[in-house]
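Notes to accompany the following structure.
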């Protein structure tokens with residue numbers, strides 16, 4: 001009797017903060033309403049300064065305002081770029097960018113239990129190397145034009161399809177993802193959809209965006 005692979009788990013939403021947050025308390029309130037509107041797997045704190053580098057102070061301020069609340073909703077809080085800051089802030093994990101150091105070096109800093117994600121842009125080779133080094137997930141993209149991140153590379157749906165067929169490490173699709181364009185990414189094999197402006201700038205507000213993303217993911221999972 002031919003063995004059939006188990007069904008793929010439902011794709012989940014992965015939130016990324018805006019690169020700048022003017023009012024931390026206001027953002028925390030919006031975030032809580034968004035998290036109450038539907039399933040969210042992760043929240044990546046990605047706060048950038050004018051120089052494009054991580055804004056350490058802003059990250060600390062936002063983390064203090066949202067980490068416990070997000071974790072209470074079962075959301076893993078990840079820090080972008082800095083494993084040292086992730087440890088300091090008691091985050092659940094860290095996301096390592098293309099130029100932010102190796103997964104192996106990051107693991108040595110954060111220890112065995114913290115989540116490590118790694119940017120792979122449009123390279124299966126980089127993704128496989130990250131997985132072999134101990135990354136818990138890899139992120140492919142950008143799939144669509146994005147205003148929140150510079151230096152992106154164009155990724156295509158075939159990348160997700162091949163990865164899903166050949167690898168066990170979860171993959172995140174990132175880059176300009178909205179409720180309107182996300183469907184093909186899910187069908188192609190994205191385990192997580194990373195969204196930033198597609199949620200925070202949604203025409204009906206962030207909670208409506210989270211609800212709409214989850215309605216889409218539920219409908220595709222049921223197909």
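Of all residues in the stretch 21-59, those satisfying the criterion of being within 21 Å of residue 99 (Cβ to Cβ), under 17 Å from the mean Cα position of the chain (by Cα) and assigned to a loop (DSSP other than H, G, I, E, B) are 46, 47. Kindly indicate the residue of the stretch 48-77 that is out of contact with any strand residue (DSSP E or B) (no Cβ under 7 Å at 6 or more places or on another chain) and within 23 Å of residue 147 (Cα to Cα) and also surrounded by the most Cβ atoms within 10 Å (Cβ to Cβ) among those meeting that condition. Ranking the qualifying residues of the stretch 48-77, first place goes to 58. Where residues in the stretch 102-117 are in contact with a helix residue (DSSP H, G or I) (Cβ under 8 Å, 6 or more places away or on another chain) and under 23 Å from residue 57 (Cα atoms), which of them is surrounded by the most Cβ atoms within 10 Å (Cβ to Cβ)? By that ranking, first place goes to 106.
Based on this model, can you work out whether residue 35 counts as surrounded by 18 or more Cβ atoms within 10 Å (Cβ to Cβ) and at negative phi?
Working: surrounded by 18 or more Cβ atoms within 10 Å (Cβ to Cβ): yes; at negative phi: yes.
So residue 35 fits the description; yes.
Of all residue pairs spaced 6 or more apart or on separate chains, those with beta-carbon atoms under 6 Å, a first member in the stretch 123-142 that is at positive phi and a second member that is in a helix (DSSP H, G or I) and buried (at least 17 other Cβ atoms within 10 Å of the Cβ) are 134/103; 134/107. Assuming residue 148 fulfils every condition listed in (1) in contact with a helix residue (DSSP H, G or I) (Cβ under 8 Å, 6 or more places away or on another chain); (2) surrounded by 17 or more Cβ atoms within 10 Å (Cβ to Cβ); (3) modelled with pLDDT of 95 or more apart from one, which condition is it? Every listed condition holds for residue 148 apart from (3). The condition (being under 14 Å from the mean Cα position of the chain (by Cα) and at pLDDT 95 or above) is satisfied by just one residue among 205, 175: 175.
State the number of residues belonging to the stretch 60-115 that are in a strand (DSSP E or B) and under 13 Å from residue 136 (Cβ atoms).
Step one: filter the stretch 60-115 for residues in a strand (DSSP E or B), giving 76-80, 93-96, 115.
Cutting the leftovers down to under 13 Å from residue 136 (Cβ atoms) gives us 76, 78, 93-96, 115.
Number satisfying all stated conditions: 7.
In the stretch 132-141, the qualifying residues are those that are out of contact with any helix residue (DSSP H, G or I) (no Cβ under 8 Å at 6 or more places or on another chain) and crowded, with 21+ Cβ neighbours inside 10 Å, and the one that is nearest to residue 108 (Cα to Cα) is 137. Between 218, 204, the distinction of being over 22 Å from residue 156 (Cα atoms) and not in a helix (DSSP H, G or I) belongs to 204 only.
Within the stretch 179-201, can you find the residues that are free of Cβ contacts under 8 Å to residues at least 24 places away in the same chain and either surrounded by fewer than 21 Cβ atoms within 10 Å (Cβ to Cβ) or assigned to a loop (DSSP other than H, G, I, E, B) (or both)? Break it down into steps so the answer makes sense when it comes.
Filtering the stretch 179-201 down to residues free of Cβ contacts under 8 Å to residues at least 24 places away in the same chain leaves 180, 198, 201.
Within the stretch 179-201, 180, 201 meet the criteria.
The values are calculated or read from the model by the stated rules, or taken from the named source; none is laboratory data. These figures come from a predicted structure and were not determined experimentally. In this analysis, Cβ positions are derived from the backbone assuming ideal geometry, glycine residues included, and neighbour counts consider all displayed protein chains.
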